[in-house]
Amino acid sequence: NFMKTSKKKPLKAVGGLLVLLLAGIIFFFTYYQVDEVQVMGSNHYSEKQIRKMVLRGPLASNSVLAPLLYTKQNTKDVPFVDGYTVTRLNRHTICVSVKEKDIVGCIPYLDSYIYFDRNGIFVEGSTERNEKIPFFDGIKVKKVIQNEKLPIKDETVMNTAVALSTIFAKNDSLPDHIQFDESYEISLLYGDITVSLGKDVNLEDKMTRVIAILPQLAGQKGILHAENVTDSVKTITFEAEIEE
C-alpha cells in the first residue's frame, strides 16, 4: 500500500503542474491577445500589406512575443524597406514602425523602373511604378549597378531632379509625369495641364506660382508657361487648348 500511494502522489503532482502550466499559457495568450495593429512610416505599402508582410504566424497575435520575434533590422527581401520595429503600446495593441529607404525619384530603364536616392544612387529596381514617387522621363542611362551612382552624363540634371522632388514633397504637389527634353528643359504634367518650367533657374519661385494657379485651371486643357519667371518678372501665362 505504501508503495502505491507514493507513486500516485508524484503523478498527481505532475498532473497538477501540467494543468497549472496549461492554465498559465492560456492566460498568457488571452491576457496579451492582440486586437489592434497600428502601422507607422509606410508610404509604399498599405497598412494591410505591412501587417501581412511582417506579422506572419500565430505568435504575432501576442503583444509580448510579437516585439521580440518580429522586429527586423535588415529586410533585403522587401523592396523599398530597410527594416521595421514592432513595439507593444498596451496589452491588446502593437505598433509596426517601418523604416523606408530614402527614395526621391525613379526613371525608366529597359522594361523596369530604377529608383534612386538624393545622392543619385540606384537603390531599388521594380517592374511596377510607384505612383507616389516622382517619375522622371528623359534622364538616360546605358547601364545601372545597384547601390552605385547612376551614370548620367550631366550630373546637374540629377541635382534638378532632387530639387524638384523636394519641392513636390514639401507642397504635396506631385505631377503625373516629369519630362526633361534634350537640353534639359523641364515640363510637368498635371492631368491635361502641361507646366513648362524651362531651365533649372528660380525653380522654387516658379513652382510657388504654379501651385497657386493650378487649382484655378481645373477641367481645362493647355500649357502653363512659367519658363520666363525671374526675380523681377513674375508673369505666368496660360495657353488654353481650343477644342475643334
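The values are calculated or read from the model by the stated rules, or taken from the named source; none is laboratory data. A quick note: this is a predicted structure, and the numbers were derived from the prediction, not measured. Counting neighbours? That spans all protein chains shown, and the Cβs are built from the backbone with ideal geometry, glycine included. To get the accessible areas, we keep the full protein, side chains included, count just its heavy atoms, and leave off ligands, DNA and RNA. Shrake-Rupley method; radii C 1.70, N 1.55, O 1.52, S 1.80 Å.
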| note | Filtering the stretch 139-164 down to residues that are charged (D, E, K, R) and either in contact with a helix residue (DSSP H, G or I) (Cβ under 7 Å, 6 or more places away or on another chain) or within 14 Å of ASP181 (Cα to Cα) (or both) yields LYS140, ASP154
| Just to be sure, is VAL233 within 32 Å of the chain's Cα centre (by Cα) and on the phi < 0 side of the Ramachandran plot? | no
| note | LEU110: passes all of (1) in contact with a His (Cβ under 7 Å, 6 or more places away or on another chain); (2) over 28 Å from ASP35 (Cα atoms) but (1)
| task | Could you check how many residues of the stretch 176-190 are of a type in the set (S, T, N, Q) and exposed (fewer than 15 other Cβ atoms within 10 Å of the Cβ)? | result | 1
| query | Within the stretch 207-244, how many residues turn out to be under 16 Å from SER165 (Cα atoms) and out of contact with any helix residue (DSSP H, G or I) (no Cβ under 9 Å at 6 or more places or on another chain)? | reply | 1
| request: Filter the stretch 71-93 for residues that are aliphatic (A, V, I, L, M) and touching an Asp or Glu at 6+ places or on another chain (Cβ under 8 Å) and give the result. | output: VAL81
| message | Quick check on my filter: what residues within the stretch 53-107 are assigned to a strand (DSSP E or B) and either of a type in the set (Asp, Glu) or open to solvent by 50 Å² or more (accessible area, probe 1.4 Å) (or both)? | response | LYS72, ASP82, THR85, THR87, ARG88, LEU89, ASN90, LYS99, GLU100
| query | Which members of the stretch 221-244 meet the condition of being part of a loop (DSSP other than H, G, I, E, B), open to solvent by less than 80 Å² (accessible area, probe 1.4 Å) and touching a residue at least 24 places away in the same chain (Cβ under 8 Å)? | reply | LYS221, ALA226, GLU227, VAL229, THR230, LYS234, ILE236
| task | Go over the candidates LEU164, LEU214, LEU188 one by one and state the one that is in a strand (DSSP E or B), aliphatic (A, V, I, L, M) and within 24 Å of ILE236 (Cα to Cα). | result | LEU188
| request: Could you please tell me which pairs satisfy a Cβ distance under 8 Å, a separation of 6+ or placement on different chains, a first residue in the stretch 99-122 that is farther than 20 Å from ALA163 by Cβ and modelled with pLDDT of 90 or more, and a second residue that is in a strand (DSSP E or B) and acidic (Asp, Glu)? | output: LYS99/ASP82; PRO108/ASP137
| said: Can you report the number of residues in the stretch 9-47 which are in a loop (DSSP other than H, G, I, E, B) and either among the aromatic types (Phe, Trp, Tyr) or free of Cβ contacts under 8 Å to residues at least 60 places away in the same chain (or both)? | reply: 6
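When you go through SER46, SER63 one by one, which is the residue that is modelled with pLDDT of 85 or more and under 21 Å from the mean Cα position of the chain (by Cα)?
Every option except SER46 fails the conditions.
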| remark: Over the stretch 191-211, the set of residues open to solvent by 40 Å² or more (accessible area, probe 1.4 Å) and either assigned to a loop (DSSP other than H, G, I, E, B) or within 20 Å of THR156 (Cα to Cα) (or both) is GLY191, ASP192, LYS199, ASP200, VAL201, ASN202, GLU204, ASP205
| query | Looking only at the stretch 110-155, which residues are part of a loop (DSSP other than H, G, I, E, B), closer than 17 Å to VAL81 by Cα and open to solvent by less than 50 Å² (accessible area, probe 1.4 Å)? | reply | ASP117, ASN130, ILE133
